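Note sheet for the following structure.
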Amino acid sequence: MRPEDAGPGEDGLVRATFASLRRPAFRRYFVGHVLSLLGFWIRVIVQGWLVYELTGRRDTLGYVTAAGLLPLLVLSPFGGVLADRVDRRKLLMALPWVAITANVVLGILVLTEQVLIGHVFAAAILIGAARAVEIPVRNAFVSNLAGRTDLRNAIALNSAGFNVARVVGPALGAPLLWLLGVGPCFIIAAAMNLIMVIALAGIRLESTNADRMHAGPIKELLEGFRYVHGHRRTRTLMLLLAITLVFTWTYQTQMPAYAKDHLGMNESGYSLLMAAPGLGALIGALWVAGQVRARRSNRYVVFGLVWAGAIAVFLLGLSSNVYAAVPLLVGAGFCQVGFMATSNGLVQESVPDELRGRVMGIWAFVFGSFFPLGSLVMGTVAQRWSISWAWCVGAMLTVALSLVVLGRLPRRPLGGTPADPAQVGRAVIGDPAG
């Protein structure tokens with residue numbers, strides 16, 4: 001038996017979980033990304049509280065979330081085209097300035113007591129537009145830092161970093177909100193966006209996509225869609241992503257109302273509820289990072305995470321006790337990020353390098369299309385009936401629709417052993433029927 005075939009010891013598991021951090025460029029990017037994301041999560045916490053204070057409406061929480069994500073619907077596919085055409089590092093250094101400006105302006109408006117709900121919508125849309133371009137570029141850029149060998153590990157660690165910030169950000173955001181107020185928190189969030197720019201400035205890589213010949217942007221965009229349509233693994237995972245985004249993962253947009261109205265909690269309680277799924281998500285991302293080389297069926301992992309997450313949200317809808325809600329939120333966060341990181345890694349392992357940005361743009365497009373739809377639908381249902389009713393029905397629909405998807409798959413495991421990505425890409429581009 002070869003050593004790598006034996007069960008991993010503690011040291012081997014740690015090395016496998018953090019393998020991509022051995023690369024200096026990825027390590028610098030990772031640290032900068034995590035620190036800048038603290039500002040993002042502080043902003044999320046403060047924005048939700050500000051919206052509910054200004055309006056007192058649960059559906060408006062969903063509308064503001066949808067407004068920030070709707071730019072993904074229009075811009076993310078073209079962001080993917082840009083990711084395959086320009087220097088990704090330089091583009092990632094430019095995009096944070098949109099969020100910096102929007103957060104500073106919003107903070108000043110709050111401090112001068114001139115803020116209106118329209119200002120919050122405008123800031124959400126501007127920041128969402130920048131993120132629509134940034135998400136596919138960042139996903140593609142990780143491959144430049146980690147290489148194909150450590151790619152899925154780097155994707156999982158990227159998710160882990162996001163969720164470190166997701167845990168720590170709310171834990172910082174609530175005390176800052178209590179001590180400083182809403183306005184200064186927006187200024188702090190703007191300042192923390194600079195950290196990613198500084199980190200990227202210190203990374204030295206050859207210019208990405210410098211030697212590639214480019215067709216027209218529309219033609220390149222269509223090549224990405226043809227690849228997704230013709231590749232069963234990618235098509236199935238994006239369909240599951242759409243289902244869960246509409247009916248399960250939108251529960252988070254209703255957390256301010258759930259905290260205040262359902263559980264009778266204040267800012268610190270709201271922070272605890274927001275941190276709980278972040279803790280679960282962090283554990284889920286590290287679990288995926290350590291399981292990259294494990295020999296198990298991708299199909300059972302992916303569908304199992306979808307079903308377990310739906311069950312957690314269903315039980316959360318029935319719960320009116322914080323001691324039950326917190327562990328259920330931890331479980332929901334684990335399943336959500338476990339599914340997202342596993343699916344993203346499976347897609348990126350298959351996609352040819354010359355199509356990576358465009359496929360990640362379509363991934364962001366699916367997110368930008370279906371999460372706002374779910375926020376609007378579930379927010380409206382929660383306002384008309386109740387949060388519990390919306391979450392329970394959404395969870396049941398998730399399980400039912402995912403079973404339909406599973407029933408249409410062939411018996412072989414989802415994905416199996418990936419074919420050579422370049423051959424797959426050429427075959428699909430040449431034959432749109434797949």
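Every number here is computed from the coordinates shown, using simple stated rules; none is lab data. Model, not experiment: these values are computed from the prediction. Virtual Cβ from ideal backbone geometry, glycine too; neighbours counted across all protein chains shown.
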By the mean-Cβ-within-10 Å protection proxy, highest first, 36-44, 322-330 rank as 36-44, 322-330
Gyration tensor (alpha-carbon) shape descriptor, region 17-430, a/c threshold 1.5
oblate
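Place the peptides 72-82, 132-142 in order of packing, highest mean first, counting for every residue the other Cβ atoms within 10 Å and averaging per peptide. Mind showing how you got there, number by number?
On the way: 72-82: 23.8, 132-142: 25.6.
Per-residue Cβ counts within 10 Å, averaged per peptide and sorted highest first, yield 132-142, 72-82.
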Take the alpha carbon atoms of region 103-118, find their center, do the same for region 333-375, and report the distance between the two centers in whole angstrom.
33
Multiplying the sequence separation of Ala94 and Arg27 by 0.36 nm and subtracting their Cα-Cα distance, what value in nm do you get?
22.1 nm
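Sort the following peptides by mean Cβ neighbour count (other Cβ atoms within 10 Å, averaged over residues), highest first: 344-352, 223-231, 108-116. Provide the component values of the computation, followed by the final result.
Details: 344-352: 21.9, 223-231: 20.3, 108-116: 13.7.
Per-residue mean Cβ counts within 10 Å order the peptides as 344-352, 223-231, 108-116.
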Relative contact order %, region 17-430, counting alpha carbon pairs below 8 Å whose residues are six or more apart:
30
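To make sure I understand, if each residue's beta carbon is the centre and we count other beta carbons within 10 Å, what order do Phe334, Phe247 fall in, fewest to most? Could the numbers behind the result be given before it?
Values: Phe334 24, Phe247 27.
By the 10 Å Cβ count, ascending: Phe334, Phe247.
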